[in-house]
Amino acid sequence: MEPYRGIFAIANTPFDDAGTLLWDELDTVFDWVIRAGAHGLVWPVMASEFTSLSFPERLEGTRRAVQVAAGRVPVVIGVADTSQAGAVVLAEAASHAGADAVIAMPPWSTKLASPSLVEGYYRAIAEACGLPIMVQNVGPPLGSALPGRTVVDLCERIPLVQYLKEEKDPKGQSLSEVLEAHSPAVRGVFSGSQCMWLIADHARGVCGSMPASHLVDVDVRIWSLLEAGDIAEARRIHRDKMVLENAVMSMRGGWLSAKEVLRRRGVISSAAIRNLGPLVIDEVDRAELDYALSLVEPYFSV
């Protein structure tokens, strides 16, 4: 199988104002991500609000993601949990549902206290699912900020641990720390952070990026330009995209406010964030978002 490469977009999870998961709209997000050109579909991870999802919701969403994708793109299921036992159950479910790969950060509540426990966690996931594994590496408070050498060791010691999504600070140099190890056991390193540094990430040698789903088509366009060597045009579109990302980050929900872009694009009906409720936007937020959307709309493909 060819190594994964490109924009593996993270499906946002739609909720109503009371926090009820909107299942039909989640199916719509899954399908929309693929129609927008994503090279892979990822759910549920941080942009999916996975820490506020119940276990039954994660199991049902896993089944739906694979069903909706229907083989059009690889489906990567997030299986991180507060314990190894929970992650194993989720990994087994991902395999049974027909997922193509899984992604997991170490437990985020009580952190694993030693490298041997971290290795045991990923080894247990591998044994449970038999699928390629992506290590998601973020900083505190959720993440464990694993050293690059630790990630390379995991890939070399556990054959199914093959990819990294690197998001710890300093983000660029953390990517290079693993890439410059030149280990054949590492099949690819993805960046994240809404593709905010995608130009530099591509120059460092990433195999792709995992942004949230609100600008999938724009991110795919930028990636395609980078792959074709058209850096100037990639920079021009990325510059306009960043105006929107800055507008989103300034709103009450931070980067989760990107769901308002999905709502405006007609993909979901509500930009509510579970446990926060409706997304509150004032007139200044609205004006900035209107302007930012006017810049990126010419790049929409769906």
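The values are calculated or read from the model by the stated rules, or taken from the named source; none is laboratory data. Model, not experiment: these values are computed from the prediction. Using ideal geometry, Cβ is built from the backbone for each residue, glycine included, and neighbour counts are taken over all protein chains shown. Accessible surface is based on the protein model in full, side chains and every heavy atom, while ligands, DNA and RNA are left aside. Shrake-Rupley method; radii C 1.70, N 1.55, O 1.52, S 1.80 Å.
Within the range 11-27, being open to solvent by 10 Å² or more (accessible area, probe 1.4 Å) and either in contact with a Pro (Cβ under 7 Å, 6 or more places away or on another chain) or under 27 Å from ILE199 (Cα atoms) (or both) holds for ASP17, LEU22, GLU25.
From the residues in the range 75-106 that are open to solvent by 50 Å² or more (accessible area, probe 1.4 Å) and not polar (S, T, N, Q), which one is farthest from MET46 (Cα to Cα)? Reasoning before the result, please.
Narrowing the range 75-106 to residues open to solvent by 50 Å² or more (accessible area, probe 1.4 Å): 82, 84-85, 89, 92, 96, 100.
From what is left, the residues that are not polar (S, T, N, Q) are 85, 89, 92, 96, 100.
On the way: ALA85: 20, VAL89: 19, GLU92: 20, HIS96: 23, ASP100: 19 Å.
So, considering only residues that are open to solvent by 50 Å² or more (accessible area, probe 1.4 Å) and not polar (S, T, N, Q), the one farthest from MET46 (Cα to Cα) is HIS96.
A count restricted to the range 189-242 and to residues that are farther than 23 Å from PRO3 by Cα and of a type in the set (Lys, Arg) stands at 4. When the criteria are applied in full, VAL178 meets the requirement of being open to solvent by less than 10 Å² (accessible area, probe 1.4 Å) and over 17 Å from the mean Cα position of the chain (by Cα).
Go through PHE30, PHE8 for me and flag whichever is closer than 17 Å to LYS259 by Cα and either open to solvent by less than 10 Å² (accessible area, probe 1.4 Å) or within 15 Å of the chain's Cα centre (by Cα) (or both).
Numbers: PHE8 fails: closer than 17 Å to LYS259 by Cα.
Selected residue: PHE30, the only one of PHE30, PHE8 that is closer than 17 Å to LYS259 by Cα and either open to solvent by less than 10 Å² (accessible area, probe 1.4 Å) or within 15 Å of the chain's Cα centre (by Cα) (or both).
Checked across the range 232-252, the condition of being open to solvent by 10 Å² or more (accessible area, probe 1.4 Å) and in contact with a Phe, Trp or Tyr (Cβ under 7 Å, 6 or more places away or on another chain) holds for at least one residue.
The listed residues are ARG187, ARG239, and the only one of them that is basic (Lys, Arg) and in contact with a Cys (Cβ under 9 Å, 6 or more places away or on another chain) turns out to be ARG187. Checked against (1) touching a residue at least 60 places away in the same chain (Cβ under 8 Å); (2) touching a strand residue (DSSP E or B) at 6+ places or on another chain (Cβ under 7 Å); (3) open to solvent by 10 Å² or more (accessible area, probe 1.4 Å), ALA272 passes all but condition (3).
Conditions (1) closer than 13 Å to LEU215 by Cβ; (2) at pLDDT 95 or above; (3) of a type outside the set (Lys, Arg); (4) in a loop (DSSP other than H, G, I, E, B), marked per residue:
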| position | (1), (2), (3), (4) |
| --- | --- |
| ALA234 | no, yes, yes, no |
| LYS241 | yes, yes, no, no |
| LEU244 | yes, yes, yes, no |
| VAL248 | yes, no, yes, no |
| TRP255 | yes, no, yes, no |
| LEU279 | no, no, yes, yes |
| ALA287 | no, yes, yes, no |
| ASP290 | no, yes, yes, no |
| SER294 | no, yes, yes, no |
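Filter the range 107-130 for residues that are crowded, with 21+ Cβ neighbours inside 10 Å and either in a strand (DSSP E or B) or touching a residue at least 40 places away in the same chain (Cβ under 8 Å) (or both) and give the result. Within the range 107-130, ILE125, CYS129 meet the criteria. The residue of the range 189-219 that is nearest to GLY40 (Cα to Cα), among those that are at pLDDT 95 or above, small (Gly, Ala, Ser) and open to solvent by 10 Å² or more (accessible area, probe 1.4 Å), is GLY205.
Within the range 253-263, if we keep just the residues that are touching a strand residue (DSSP E or B) at 6+ places or on another chain (Cβ under 8 Å) and of a type in the set (A, V, I, L, M), the residue that is most open to solvent (accessible area, probe 1.4 Å) turns out to be LEU256. Go through the range 35-60 and give me each residue that's in contact with a strand residue (DSSP E or B) (Cβ under 6 Å, 6 or more places away or on another chain), within 23 Å of GLU227 (Cβ to Cβ) and either without any contact (Cβ under 8 Å) to a residue 24 or more places away in the chain or open to solvent by less than 30 Å² (accessible area, probe 1.4 Å) (or both). Across the range 35-60, the qualifying residues are ALA38, GLY40, LEU41, VAL42.
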